[in-house]
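Contents: one structure, followed by commentary.
The values are calculated or read from the model by the stated rules, or taken from the named source; none is laboratory data. Since we're looking at a predicted model, the values are computed, not measured. Methodologically, a virtual Cβ is constructed for each residue, glycine included, from the backbone with ideal geometry; neighbour enumeration extends over all protein chains shown. Areas reflect the complete protein model, heavy atoms only, side chains present, ligands, DNA and RNA absent. Shrake-Rupley method; radii C 1.70, N 1.55, O 1.52, S 1.80 Å.
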Amino acid sequence: MTKENKGGSCWQITFAAAETYPETLSNFIDEYFTTSALDYQDNGKEVLSAYADINFNEADFKQAAQNQGISLPPYQKTLLESSNWLKDYVIKFAPVEVADFLIYGIHEKSQPQTNKIPLQIYAATAFGSEHPTTKGCLEALCWLYHQKNFIPQNILDMGTGSGILALGAAKLLGKNSRITAVDIDDEAVIVTLQNAATNHEEDHIQAFSGDGYKTPAVSQNAPYDLIFSNILARPLIEMAPALFQALRQGGYCILSGFVEEQKDWVITAHEQQGLKLVKCNIINNWCTAVMEKE
């Protein structure tokens with residue numbers, strides 16, 4: 001699997017525009033590349049792009065697709081020369097409404113008109129803003145708030161990425177919320193803090209670089225009323241005992257980053273710790289589970 005090099009040049013792999021890409025292709029790209037983006041042309045067609053380290057092995061990429069029975073559409077490979085490509089090559093995504101929120105990029109000259117809660121995200125690292133797992137987590141947050149009248153004050157965003165879930169919680173829950181955001185990637189922490197400041201939520205969001213629940217700030221700020229964990233199936237399963245310990249009695253966790261065929265594994269791992277499944281939604285084969293510590 002290739003990894004992106006945030007600090008230097010990279011390869012951009014752009015696939016031929018399509019009315020919609022097969023789900024199997026989209027899932028493969030999400031899994032093979034750490035960073036990918038889905039953009040839209042004026043005619044409504046989708047354009048899928050992926051970003052790879054300067055040492056990208058094209059033969060390995062094609063073989064991996066063949067091994068999974070994936071038929072790759074035509075694509076163009078372009079070298080993006082930069083000292084920091086994430087900052088220099090900004091993906092300009094269209095504003096998107098998700099549950100109570102309107103998400104838009106910093107490239108917008110003004111805030112789009114909306115009666116929803118606006119979240120302005122640094123676009124170069126907002127690749128996940130329209131991903132089904134992001135949508136699922138934000139929808140689950142709003143469901144807990146509106147349907148369960150659940151107003152958590154102490155929140156953990158594990159694997160925060162661009163900080164979009166932390167921001168959503170801060171905006172929805174108000175001035176009494178305290179959010180601890182953690183990511184193993186230093187760049188993600190920088191961007192989360194930048195996005196917090198852009199959205200005037202820097203007083204409510206603290207971001208730390210660290211190794212999951214081993215991060216000192218995570219244990220110092222526990223127990224949590226609500227934990228977001230939008231990562232991948234295997235680390236979700238491995239972290240289940242630590243999540244249970246960090247969650248207070250009566251608290252909820254929102255889990256995502258796994259596909260439908262992995263659902264039983266992830267949910268069972270958390271049920272074995274003592275959590276109860278409350279709700280599970282599926283968007284384009286990606287699952288979001290809400291679980292409670294009774």
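For the chain, the percent of C-alpha pairs falling in each 10 Å distance bin, counted from 0 to the bin holding the largest distance, reads 6, 28, 36, 23, 7, 0. Can you tell which of 276, 171, 148 shows the greatest fluctuation in a Gaussian network model of the chain with Cα springs below 10 Å? Result: 148 has the largest fluctuation of those listed. Within region 131-211, the ratio Rg/Rh, alpha carbon atoms throughout and Rh by Kirkwood, equals 0.96.
Between residue 265 and residue 116, the modelled labels are 3.2 nm apart [label points 7 Å from Cα along Cα→Cβ]. You can think of it this way: the chain between residue 14 and residue 282 has 93.8 nm of extra reach, that is 0.36 nm per residue less the Cα-Cα gap. Starting from one equal scatterer on each C-alpha and no solvent at all, send me the Debye-based log10 I(q)/I(0) for region 150-294 at q = 0.11, 0.14 Å⁻¹, two decimals. Relative scattering, expressed as log10 I(q)/I(0), comes to -0.36, -0.60.
Using 20 Å as the cut-off for backbone N distance, which residues of region 7-36 belong to the label zone defined by a point 7 Å from the Cα of residue 185 along Cα→Cβ? In region 7-36, the label zone of residue 185 (backbone N under 20 Å from the point 7 Å along Cα→Cβ) covers 7-15, 26-36.
When a 1.4 Å probe is rolled over the protein heavy atoms, the share of accessible surface on the chain that falls to carbon and sulfur comes to 45 percent. All Cα-Cα separations within region 215-294 were binned at 5 Å from zero, giving a P(r) of 3, 17, 30, 26, 15, 7, 2, 0, each value a whole percent of the pairs.
Pairs exceeding 24 Å between alpha-carbon atoms, taken from 214/279; 175/279; 135/263; 171/263; 45/116: 214/279; 175/279; 171/263; 45/116.
At a probe radius of 1.4 angstrom, the accessible area of region 181-267 per residue rounds to 46 square angstrom.
Using 1/(1 + (r/R0)^6) with R0 = 30 angstrom and r between the beta carbons of residue 217 and residue 64, what's the FRET efficiency to the nearest 0.05? Once rounded, the FRET efficiency stands at 0.25.
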